[in-house]
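Contents: one structure, followed by commentary.
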Amino acid sequence: MSLVLIIGATSDIARAVAHQFAKHGYDILLAARNTDDLASDVTDLNIRHGVKASAIRMDVRELELHRSWYEGLVIKPDVAICVSGYMGEQSQSQADSLEAMKVIDTNFTGCATLLEVIAADFEEQKKGAIVAISSVAGLRGRKSNYIYGSAKAGFIAFLSGLRNRLSSSGVPVLTVLPGFVATRMTESLPLPGILTATPQQVAGDIYKAYRKKKSILYTRWYWRWIMTIIRCIPEGIFRKLNL
Ligand SMILES: NC(=O)c1ccc[n+]([C@@H]2O[C@H](COP(=O)([O-])OP(=O)(O)OC[C@H]3O[C@@H](n4cnc5c(N)ncnc54)[C@H](OP(=O)(O)O)[C@@H]3O)[C@@H](O)[C@H]2O)c1
């Protein structure tokens, strides 16, 4: 049976993704900073879907430990899904370099360097699949969240290059670009209901895109068109918009 590693497994989206894959018979390895938070998830996945589920500690910002952490996994995954992220407050990131670094490291540096380690293994084995969550926020910088957005943009470019590199090894890399999703990350934001997806909808989209070996997934689908319009707005006009 195939094993799916989910990094940032306490996220609302990650939890929905875990159930989506478990429903289709995949064993699940949940990785998060606090494994105590995952105990009930492990039991739940096991009871509801009859798959093997386990949990392991992982902090994507501990860059120096990535290689030994991965080498220490008793069974290597067939699919690696990177969900971890941190938005923080834009004003705080502007004022505090360490806070900005936390945003950049959690959304970009930590995820990219960990995926490099996993990619090297998949490349050598000529098998495996990588799924990673960036954001539509990475497609155009806005004053309200450009530090988070620039980290997501870096991650999009990283995944594009990784996909390019791994294509000759038969390892697909899926870049996931969610728009608004109702989760712990966004609970304090006034999101427009009509454009806001549930974690379960996003997880369903991810599973389908993974099965089809797609390269880029906008979720929900309408974000492709929203972002096409937003990216076409001339810089002179965009500057004046209060976004
Ligand atoms: N919600 C949205 O509207 C939206 C839109 C676009 C993209 N996204 C992206 O979707 C992904 C999931 O976010 P979410 O909405 O489900 O929010 P969430 O529930 O806040 O999930 C964020 C996850 O990242 C984990 N994390 C933070 N720092 C970490 C670290 N150093 N090492 C390992 N894990 C770490 C958190 O773990 P802890 O429990 O340890 O804090 C949490 O599980 C993120 O990458 C986010 O940027 C979300």
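The values are calculated or read from the model by the stated rules, or taken from the named source; none is laboratory data. No experiment lies behind these values; they were computed from the predicted model shown. Quick reminder, even Gly has a Cβ in these numbers, built from the backbone with ideal geometry, and neighbours come from all protein chains shown.
Miscellaneous remarks
- Residue that is surrounded by the fewest Cβ atoms within 10 Å (Cβ to Cβ) [pool: residues in region 4-18 that are small (G, A, S) and more than 8 Å from the ligand (Cβ to nearest atom)]: A16
- R231 in contact (Cβ under 8 Å) with a residue 60 or more places away in the chain, of a type in the set (K, R), part of a helix (DSSP H, G or I) and over 22 Å from C82 (Cβ atoms): yes
- Within region 82-108, restricting attention to residues that are without any contact (Cβ under 8 Å) to a residue 24 or more places away in the chain and more than 22 Å from E187 (Cβ to Cβ), the residue that is nearest to the chain's Cα centre (by Cα) is M101.
- Residue count, region 1-27 (criterion: outside any loop (DSSP other than H, G, I, E, B) and touching a Ser or Thr at 6+ places or on another chain (Cβ under 9 Å)): 8
- Given (1) away from the ligand (no atom under 11 Å from the Cβ); (2) in contact (Cβ under 8 Å) with a residue 24 or more places away in the chain; (3) touching a Gly at 6+ places or on another chain (Cβ under 9 Å), number of the condition R61 does not satisfy: (1)
- Taken across region 183-192, residues that are polar (S, T, N, Q), outside any strand (DSSP E or B), in contact with a helix residue (DSSP H, G or I) (Cβ under 9 Å, 6 or more places away or on another chain) and touching a residue at least 60 places away in the same chain (Cβ under 8 Å) do occur, with at least one present.
- T196, sole failed condition from (1) closer than 15 Å to V83 by Cα; (2) within 11 Å of the ligand (Cβ to nearest atom); (3) polar (S, T, N, Q): (1)
- The set of residues from region 28-42 being more than 9 Å from the ligand (Cβ to nearest atom) and outside any helix (DSSP H, G or I) comprises I28, L29, L30.
- Checked across region 209-225, the condition of being assigned to a helix (DSSP H, G or I), of a type outside the set (S, T, Y) and within 13 Å of the ligand (Cβ to nearest atom) holds for at least one residue.
- Residue match in region 110-122 (condition: within 10 Å of the ligand (Cβ to nearest atom), in a helix (DSSP H, G or I), of a type outside the set (A, V, I, L, M, F, W, C) and within 15 Å of L159 (Cα to Cα)): yes
- Inter-residue pairs, beta-carbon under 9 Å, first farther than 21 Å from T183 by Cα and in region 8-36, second modelled with pLDDT under 95 and not charged (D, E, K, R), 6+ apart: G25/M1; Y26/M1; D27/M1
- So V131, is it away from the ligand (no atom under 12 Å from the Cβ), touching a helix residue (DSSP H, G or I) at 6+ places or on another chain (Cβ under 9 Å), among the aliphatic types (A, V, I, L, M) and not in a helix (DSSP H, G or I): no
- Filter pass, D41 being among the acidic types (D, E) and either touching a residue at least 60 places away in the same chain (Cβ under 8 Å) or surrounded by 17 or more Cβ atoms within 10 Å (Cβ to Cβ) (or both): yes
- Applying the criterion of being more than 8 Å from the ligand (Cβ to nearest atom) and buried (at least 19 other Cβ atoms within 10 Å of the Cβ) to the residues of region 140-155, the residue that is farthest from D105 (Cα to Cα) is N145.
- Neighbours by Cβ (under 7 Å, 6+ apart or cross-chain): first from region 142-169, without any contact (Cβ under 8 Å) to a residue 24 or more places away in the chain; second surrounded by fewer than 17 Cβ atoms within 10 Å (Cβ to Cβ) and basic (K, R): G149/R142
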